[in-house]
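Visitor: Take this structure, written in structure tokens, and hold onto it; I'll ask about it next.
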Amino acid sequence: MTNTSHQTHGRVTASSRFMILGYRAKIEYQDSGSLAMAHQDWRANGAAYAAHQKGKKMMRFNVLGNLEIVHNGHPVTPSPPKVRRVLALILLRANQVVHPDSLIEELWGQSPPKSAVTTLQTYIYHLRKLFAQEGLNSPGCELLVTRPPGYTLQVPEGALDADVFTRLVM
């Protein structure tokens, strides 16, 4: 992790660059000393949120640390490595359209197999099947949808740990 800080219009901002699931990420925050405190707050608030939501349907997507999906207190993370990787790539761009070409490039680099598109569609199918089997989809609203030109994982506010963490450090 690398930390930098700078002053703009009398306001000190800082940023940390680090790796999430092998991908570079950056978090900007107001006070460089607040990062550790924000991480502690994020863990505490996550536990408080979980306690508050007890009895309600709850899901959480964790990308800070090990990739996991927790639904009603139980882990429901896919086990096949490539399916997990697709999930991680889509989660890093939650609520945005992710083009299949970018997923293919991340999965296979510059020399994808001829079956890359079909294989990617199979991985997406496995994620959708998991979400349906585990009851993660809301009535009439699927989590993982096809939107031209790609796929969107519709993550509810507060369900992605990286978003909660970023909100706490801002």
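Visitor: Which residues, counting only those in the stretch 118-170, are of a type in the set (Val, Ile, Thr) and in a helix (DSSP H, G or I)? Quick ask: steps written out before the conclusion?
Guide: Filtering the stretch 118-170 down to residues of a type in the set (Val, Ile, Thr) leaves 118-119, 122, 124, 145-146, 152, 155, 164, 166, 169.
Passing the criteria: THR118, THR119, THR122, ILE124, VAL164, THR166, VAL169.
Visitor: From the list LEU160, LEU120, LEU153, LEU168, which residue is at pLDDT below 95 and in contact with a helix residue (DSSP H, G or I) (Cβ under 7 Å, 6 or more places away or on another chain)? Spell out the reasoning first.
Guide: Details: LEU160 fails: at pLDDT below 95; LEU120 fails: at pLDDT below 95; LEU153 fails: at pLDDT below 95.
After applying the criteria, what remains is LEU168.
Visitor: May I pose another question? Give me the residue from the stretch 137-170 that is over 15 Å from the mean Cα position of the chain (by Cα) and of a type in the set (A, V, I, L, M) and, out of that set, surrounded by the most Cβ atoms within 10 Å (Cβ to Cβ). Full working, then the answer.
Guide: Initially, the stretch 137-170 is screened for residues over 15 Å from the mean Cα position of the chain (by Cα), giving 137-142, 145-150, 168-170.
Now drop any that are not of a type in the set (A, V, I, L, M), which leaves 145, 168-170.
On the way: VAL145: 12, LEU168: 19, VAL169: 21, MET170: 12.
The selected residue is VAL169.
The values are calculated or read from the model by the stated rules, or taken from the named source; none is laboratory data. Since this is a predicted model, take the numbers as computed values, not measurements. Note that we place each Cβ from the backbone using ideal geometry, even for glycine, and neighbour counts take in every protein chain shown.
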